[in-house]
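Below is one structure, written out as structure tokens; comments come after it.
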Amino acid sequence: MRFRDFGLLHYFEERHEAKNSISFSDMLPFHLKGFERDLGDLDLSEASVVGDPELRRLIARVHGVPPERVLVTCGASEANFLVSAALLNPGDRPISESPTYPPLRNMPEGLAGQVVEAPRDPETFLLDPAVVAKHVTAKTRLLTMTNLNNPTSAVTDRDTLRALATLAEEKDFHVHIDETFRELAFDSMPPSAATISDRFVVTSTLTKVYGVGGLRIGWAVGPPEMLARLKNVKDYTTVTPPWPSEIIARWTLERRDFFIQRARRLLQENRKLVQEWLDRNPKVHWDLRGDGNLAFPRVEADVDQVAERMLKEHDTILAPGRLFGYPDRFRLGFGRDALKLQHGLEAFDKVIRSL
């Protein structure tokens, strides 16, 4: 078992002292004082192996499933690892969408020894079940994907999910869908795949939409027999989620409508800035849709050179598309502070004009 270098994470770590970024994928961070609540004399010995019952109930409501279909984990990162570790064996031939969040490709590859990429449409970045079907073999046990897609925010709709479920049933494999960004589709939000088929196992987190990533609370959603397989792996990783974080996670999901509307307001403002930036940059190509907080524009320039100069001259991080397998693009994240986003986009303008 050998895992690729987590290039995207290390890229950010090496630049952690930069004052600005236009490539982070989370929403504006939320602070503890915003809850106006006190943890009080919390019993720090408290722990639940599958997660606090009330938190599981709140997560279940997000996905439209019963609480027994929820397993709380230490972030979506652990949940994602558990899925691959529970479902794959050496010699299997998992399939990964492309582009995708790198660990969702690299973890199946590390555990199975190989991975096959199913490319999304190069113009719309939609995932075609017929393309997936071409890569399915008798050794296919798992397809991994994101919805909304990271890094493009492309939406996989109900009909496509149903087609994938039919394919998975016919060919006897499972589909792992990371739904971390799903709620950022707002009015066009696709259904949680957990409501469509037991062939789907869904993972998600509070990190992105809600801006409380420091809690390290995520979850997996699926049929109970599937979650039992994941728990058998989790027994050897973290065993239990962090209890103080579970309490604050409950506070967060109790105010879910507030956080969704907060994200909507931020993105409405920031999307205008991004569209204005696209309009004034003929060397940058992207059709900005109304979903999500990410874009993946193509640039008529050396993206690595642009990123290097933005860091050196403007103290701003830009994540090159090569980290996702697309060297002529970069990931744009626009869910944080509007003023910093504007400064970052203006820094890009200055660099691109000087090339």
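The table for this structure:
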read-out: Every residue from region 240-250 that is buried (at least 16 other Cβ atoms within 10 Å of the Cβ) and more than 11 Å from TYR210 (Cα to Cα); value: THR240, PRO241, PRO242, SER245, GLU246, ILE247, ILE248, ARG250
read-out: Enumeration of residues in region 146-179 that are under 11 Å from the mean Cα position of the chain (by Cα) and over 13 Å from ARG199 (Cβ atoms); value: THR146, ASN147, LEU148, ASN149, ASN150, PRO151, THR152, SER153, ASP178, GLU179
read-out: First in region 184-200 and in contact (Cβ under 8 Å) with a residue 60 or more places away in the chain, second anywhere and hydrophobic (A, V, I, L, M, F, W, C) and part of a helix (DSSP H, G or I), Cβ under 8 Å, 6 or more apart; value: LEU184/ALA263; LEU184/LEU267; PHE186/ILE260; PRO191/LEU161; SER192/VAL62
read-out: Top-ranked residue in region 274-284 [being touching a helix residue (DSSP H, G or I) at 6+ places or on another chain (Cβ under 8 Å) and crowded, with 17+ Cβ neighbours inside 10 Å; ranked as modelled with the lowest pLDDT]; value: ASN281
read-out: Region 230-251 residues that are within 24 Å of ALA86 (Cα to Cα), paired with ones that are part of a loop (DSSP other than H, G, I, E, B) and of a type in the set (Lys, Arg) (beta carbon under 7 Å, 6 or more apart); value: PRO242/ARG216
read-out: Test for ASP235: is it surrounded by fewer than 18 Cβ atoms within 10 Å (Cβ to Cβ), assigned by TED's automatic domain parsing to the domain that holds ASP52, of a type in the set (D, E, K, R) and closer than 20 Å to ASN149 by Cβ; value: no
read-out: Some residue of region 104-111 being touching a residue at least 60 places away in the same chain (Cβ under 8 Å), in the same structural domain as SER192 (by TED's automatic domain parsing), more than 18 Å from ALA194 (Cβ to Cβ) and in contact with a Leu (Cβ under 6 Å, 6 or more places away or on another chain); value: yes
read-out: Among the residues listed as VAL72, VAL83, VAL65, the single one being assigned to a loop (DSSP other than H, G, I, E, B), under 18 Å from MET226 (Cα atoms), in contact (Cβ under 8 Å) with a residue 60 or more places away in the chain and in contact with a strand residue (DSSP E or B) (Cβ under 9 Å, 6 or more places away or on another chain); value: VAL65
read-out: Top-ranked residue in region 285-300 [being among the charged types (D, E, K, R) and out of contact with any His (no Cβ under 6 Å at 6 or more places or on another chain); ranked as surrounded by the fewest Cβ atoms within 10 Å (Cβ to Cβ)]; value: ASP287
read-out: Restricting region 1-48 to residues that are part of a loop (DSSP other than H, G, I, E, B) and hydroxyl-bearing (Ser, Thr, Tyr), the residue that is nearest to THR240 (Cα to Cα); value: SER48
read-out: Test set (1) surrounded by fewer than 21 Cβ atoms within 10 Å (Cβ to Cβ); (2) among the basic types (Lys, Arg); (3) in the same structural domain as ASP235 (by TED's automatic domain parsing) - LYS19 fails condition number; value: (3)
read-out: Some residue of region 205-223 being within 30 Å of ARG162 (Cα to Cα), surrounded by fewer than 21 Cβ atoms within 10 Å (Cβ to Cβ) and not assigned by TED's automatic domain parsing to the domain that holds ASP337; value: yes
read-out: Some residue of region 210-218 being under 27 Å from PRO29 (Cα atoms), in a strand (DSSP E or B) and in contact with a Pro (Cβ under 9 Å, 6 or more places away or on another chain); value: yes
read-out: Selected residue [out of contact with any helix residue (DSSP H, G or I) (no Cβ under 6 Å at 6 or more places or on another chain), under 20 Å from ALA18 (Cβ atoms), of a type in the set (Lys, Arg) and surrounded by 18 or more Cβ atoms within 10 Å (Cβ to Cβ)] from ARG336, ARG322, ARG309; value: ARG336
read-out: Criterion: among the small types (Gly, Ala, Ser), surrounded by 20 or more Cβ atoms within 10 Å (Cβ to Cβ) and closer than 24 Å to GLU54 by Cα - qualifying residue of ALA228, ALA193; value: ALA193
read-out: Complete set of residues in region 303-343 that are in a helix (DSSP H, G or I), of a type in the set (Gly, Ala, Ser) and under 17 Å from the mean Cα position of the chain (by Cα); value: GLY321
read-out: SER96 surrounded by fewer than 15 Cβ atoms within 10 Å (Cβ to Cβ) and either in contact (Cβ under 8 Å) with a residue 24 or more places away in the chain or closer than 16 Å to LEU230 by Cβ (or both); value: no
read-out: Test for PRO129: is it surrounded by fewer than 22 Cβ atoms within 10 Å (Cβ to Cβ) and touching a residue at least 12 places away in the same chain (Cβ under 8 Å); value: yes
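The values are calculated or read from the model by the stated rules, or taken from the named source; none is laboratory data. Worth saying up front: this structure is predicted, and the values here are computed from it rather than measured. Quick reminder, even Gly has a Cβ in these numbers, built from the backbone with ideal geometry, and neighbours come from all protein chains shown.
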